[in-house]
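This report refers to the structure that appears directly beneath it.
Derivation of every value follows stated rules applied to the coordinates shown; laboratory data play no part. The structure displayed is predicted, hence computed values, not measured ones. Virtual Cβ from ideal backbone geometry, glycine too; neighbours counted across all protein chains shown.
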Amino acid sequence: MDYTNLIAGSWENTSDGCANVNPSDITDVIGMAALSETADMDRAVASARTAAADWAQATPQMRFDVLDFIGSEILARQAELGQLLSREEGKTLPEGIGEAARAGQIFKFFAGECLRQTGDRLASVRPGVEVDVTRAPVGVVGLITPWNFPIAIPAWKIAPALAYGNAVVLKPAELTPGCAWALAEIISRSGLPEGVFNIVFGKGASVGQHLVDHPDVDAVSFTGSVPTGRAIASSCAKTLKKVQLEMGGKNPMVVLDDADLDLAVAACLNGAFFSTGQRCTASSRLIVTEGIHDRFVAALTTAMQGLKVGNALEAGIQMGPVVDARQLEQNLSYLKIAADEGGTVIGGERLTLAQEGFYMAPAMVSETSNDMRINREEVFGPVASVLRARDYNEALALANDSAFGLSAGICTTSLKQASHFKVNAEAGMVMVNLPTAGVDYHVPFGGSKGSSYGAREQGSYAAEFYTRVKTAYTLP
Ligand code: NAD
């Protein structure tokens, strides 16, 4: 399978390619993705610029029909798309199908948003004058996405971009071109005018950077790592582009003495290890108060060691492989660093299975302190550390002592402490008796501190990024 660029409504032939390798079985090469050059990106941006004006004028009905078509087809093909997703990214098949379905639901939601775009009419302070406040499309938006949600994240950027009347150039992650291409192929048959949506495969440092720097791009929405996000923000400042960044996390999950132990263990197992821990919202710091600490660590250890690790496409597998060799190496090196700094590492062995893939056992590091690197830096793998806290107040202070602020959770039966945590946790999303990962698609998503920058994604809040506000005064 060749994943080629879609520019100005044409699928282009490209000679060079990047192999899309199945992390569960590295002998399985799923396809080859175009290794584009900056000239390809120039043409994609020019195509979007040409198409932007007409799409900005498209009726809500036309936009609704396009997005509804895309959402319906993704939902109808969720099993097939989920299989492709699990094959190229390594999350388990149920997780892959669930993510594909989520992408369809996102397009359906934003189809509805096409019909719900509103403005304000206010009385002027001057007699006889009318004031209208409306939202206009931003223009050409560049979308840059990571590998860990290879269909949902492109969906939650493309759908609002199109719904609010923008033209798009997508630069998907190098490791997961298959889902991005499949989504682009559906979009190409949706009735969307040619050139409104373009996709360019290739390296972040070359074509991604070129998209960010391009003078004809009005806004950039990025999801990925903190260093890349910072570099993109600084590039966007030079050309005064609108920019939105969703980056890493070091998400705390507080477990208090009064928590339901089974519920807390299930929430931490899910939050830390599902999707192989490769979620920006993963529960990577488990902050546990003294009275429940030892029982919690023992119960989570048993549950973690019971997880069935293996080929993502096989039935009954609960944790698939790590995405690639580099990420696996990073996970294992963080476990060594944690042990060298005094933590007790449980699990985390490199696994050799029948098929050669990037497998490791899930790992917990107990007896850690919050100044250790394992608690300061994002690992992005199936690795959770445990911190002891005297009481709720110390647990909250530890939770907030982080450069990140994406998601924060608490397991407790105390309404008083849950309510206090919801207000005082320094995070964009707070979960009570729920894993830190796992969100709805119709409400805002995003973090605080070093995790996010700019307007929120998802739900009707997405309009803040994908539109510009215009105020018009009329003397009839
Ligand atoms: P990454 O930063 O390496 O790459 C993300 C994207 O940026 C890729 O498409 C890449 O090609 C591109 N890129 C790289 N350098 C670029 C440059 N100079 N200019 C333009 N584009 C460039 O991240 P990744 O390894 O793909 O993804 C993992 C990271 O994503 C983790 O840190 C994770 O926490 C984060 N993430 C965050 C969220 C969120 O919503 N907060 C969601 C998922 C993943």
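Worth a mention:
- For Pro252, net neighbour charge (Lys/Arg +1, Asp/Glu -1) across residues whose Cβ lies under 11 Å away: 0
- Where both bridge residues fall in the chain, DSSP classifies roughly 40% of the beta bridges as antiparallel.
- Derived scalar couplings between HN and Hα for the stretch 360-376 equal 8, 6, x, 10, 10, 10, 9, 6, 9, 10, 6, 8, 6, 4, 4, 9, 9 Hz in order, rounded to whole Hz, by the Karplus curve 6.51 cos²θ - 1.76 cosθ + 1.60 (θ = phi - 60°), x for Gly and Pro.
- Cut-off 12 Å between beta-carbons: net charge of the residues surrounding Asp324, Lys and Arg +1, Asp and Glu -1: -3
- The stretch 391-412 residues near the modelled Asn424 label - backbone nitrogen below 13 Å, point 7 Å along Cα→Cβ: 391-401
- Antiparallel content of DSSP bridges confined to the stretch 325-472, in %, to 5: 50 percent
- Chain lengthening between Ser188 and Leu115 when straightened (0.36 nm per residue, less Cα-Cα): 24.1 nm
- Rounded to 5, the percent of DSSP beta bridges in the stretch 303-384 classed as antiparallel: 60 percent
- Given Lys308/Lys449; Lys203/Lys242; Lys157/Lys422, the pairs whose alpha carbons are separated by over 32 Å: Lys308/Lys449
- Span from the the stretch 107-140 Cα centroid across to the the stretch 207-280 one, whole angstrom: 30 Å
- Of the GluC sites (Glu not before Pro) found in the stretch 155-240, the ones in coil according to DSSP and having at most 15 other Cβ atoms within 10 Å of their Cβ are Glu194.
- Cα-based convex hull volume of the stretch 419-475 per residue, rounded to whole Å³: 136 Å³
- Between the stretch 303-319 and the stretch 1-17, the C-alpha centres lie 36 angstrom from each other.
- Dividing the C-alpha radius of gyration of the stretch 51-162 by 2.2 N^0.38 Å, with N its residue count, gives 1.39.
- Sum of -39500 (n - 2.57) over DSSP H runs of 4+, divided by residues of the chain (222 nm, nearest 500): -12000 deg cm²/dmol
- Taking a point 7 Å out from the Cα of Arg468 in the direction of its Cβ, the residues of the stretch 40-74 whose backbone N falls within less than 17 Å of it are 49-57.
- Three semi-axes describe the equivalent ellipsoid of the stretch 271-399; taken as square roots of 5 times the Cα gyration tensor eigenvalues and ordered largest first, they are 26, 16, 12 Å.
- Among residues other than Pro444 with Cβ under 11 Å from its Cβ, the summed charge is -2 (Lys and Arg +1, Asp and Glu -1).
- Part-to-part distance (alpha-carbon centres) for the stretch 341-359 and the stretch 419-472, which is given in Å: 34 Å
- Membrane-span-like helices of the chain, defined as complete DSSP H segments with a Cα extent of 15 Å or more along the helix axis and a mean Kyte hydropathy of at least -1.0, are identified as 38-57, 60-76, 78-89, 93-114, 152-163, 177-188, 226-238, 261-273, 290-305, 325-340.
- Diffusion of the stretch 359-439 by Stokes-Einstein, at 25 °C in a medium of 0.890 mPa s and with Rh set to the Kirkwood radius over alpha-carbon pairs, works out to 179 µm²/s.
- Considering only alpha-carbon pairs that sit under 8 angstrom and 6 or more positions apart, the relative contact order computed for the chain is 18 percent.
- Our analysis of the chain gives Rg over Rh at 0.99, with the two radii drawn from alpha carbon positions and Rh computed by the Kirkwood formula.
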